[in-house]
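A quick write-up on the structure given underneath.
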Amino acid sequence: MCERNNFLKISLLIIFFLASTIFSQPQKFGLAIHGGAGNIKRENISPEKEKEYLQKLDEALEKGYSILESGGSAIDAVNSVINILEDSPLFNAGKGAVLTEKGEAELDASIMNGKDLSAGAVAGLKHIKNPINLARLVMEKSPHVLLISDGAEEFAKQNNLEFVDNKYFMTEERWNQFLKAKEKVKKDEIEKHGTVGCVALDKNGNLAAGTSTGGMMMKKFGRVGDSPIIGAGTYANNNTCAVSATGHGEYFIRLAVAHDISNLIEYKNYSVKEA
């Protein structure tokens, strides 16, 4: 298992988290992750299911740790960690994402490199197996930052990214939640949280952050939250911090939360905890 004192592990429905270039204890590299399970209330998670969540988070942590320990980049660590969480049916990202009002998955993701402030993001995807991979392609192989929907998928096709049928993302558990959610829409009782994310610091002192999500259960009108918005749900700057956020996206967008945290550190000399 990984050396736990080298990691901060935050799992299941945390409002937001961040990591800085200097952690509370001196170390050469670091990693932090979060894994939101979508509209599943904490009290409804059985001990067995919680064990599954923690095992998958451990797997993701160990993958990121091995990359960083061997001298790999923060970007590679973030990308690989989120791939594992996207491929798991447990989390609200990739396979297992919550469903829209129409009963289909629409996925968003973003990634940012703190070394040069390069960033890539995608939104409204319906057929890309790993949205974080497409976000990285946008960052590294296009002059843009954010691509959406059909245009983003056309870009993915040109770059030979893996496509899947939209039904790939749907699990029996999510479908049952969708059916129950339809009954609760008028009462506004639907839980509205859940993303996966990772921030990393590599041995070269470079930071990276990434976030991936299926968004809100029963979302409509092409709603996009903070996860693919650089400066709201994701941000990384070697001079300050790396942030991956999860919560009610509209608030994070209005307040540019991730960027604001970085600004407080850079311009007011706040510690990460204070920011």
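What follows draws every value from the coordinates through simple rules; no lab data is involved. Computed from a prediction, not measured in an experiment: that's the story for all the values here. Using ideal geometry, Cβ is built from the backbone for each residue, glycine included, and neighbour counts are taken over all protein chains shown.
A few notes on this one:
- Extended-chain gain in nm, criterion 0.36 nm per residue less alpha-carbon gap, Arg254 and Glu140: 38.3 nm
- Under Karplus coefficients 6.51, -1.76 and 1.60, residue-wise ³J(HN,Hα) of segment 243-257 in Hz, glycine/proline x: 10, 10, 10, 8, x, 7, x, 4, 5, 5, 5, 4, 9, 6, 4
- FRET efficiency, 1/(1 + (r/R0)^6) with R0 45 Å, evaluated for Lys102 and Asn204 via beta carbons: 0.50
- Burial order of peptide ranges 77-87, 54-64 (average beta-carbon count within 10 Å, highest first): 77-87, 54-64
- Between Lys28 and Tyr270, the simple spin-label model (points 7 angstrom out along Cα→Cβ) gives 3.3 nm.
- Ile128 long-range amide H proximity, modeled H, under 5 Å: Val164
- Global geometry of segment 58-126, whether rounded, prolate or oblate, following the gyration tensor of its Cα atoms and the 1.5 cut on a/c: oblate
- Here Lys95 is the anchor, and the aspartates and glutamates within straight C-alpha reach of less than 15 Å, apart from those fewer than 8 places off in the same chain, are Glu86, Asp87, Glu104, Glu106, Asp108, Glu162, Asp165, Glu172, Glu173.
- Segment 147-275 shape via C-alpha gyration tensor axes, a/c threshold 1.5: oblate
- Net length gained if the chain between Leu54 and Asn159 were fully extended (0.36 nm per residue, minus Cα distance): 34.4 nm
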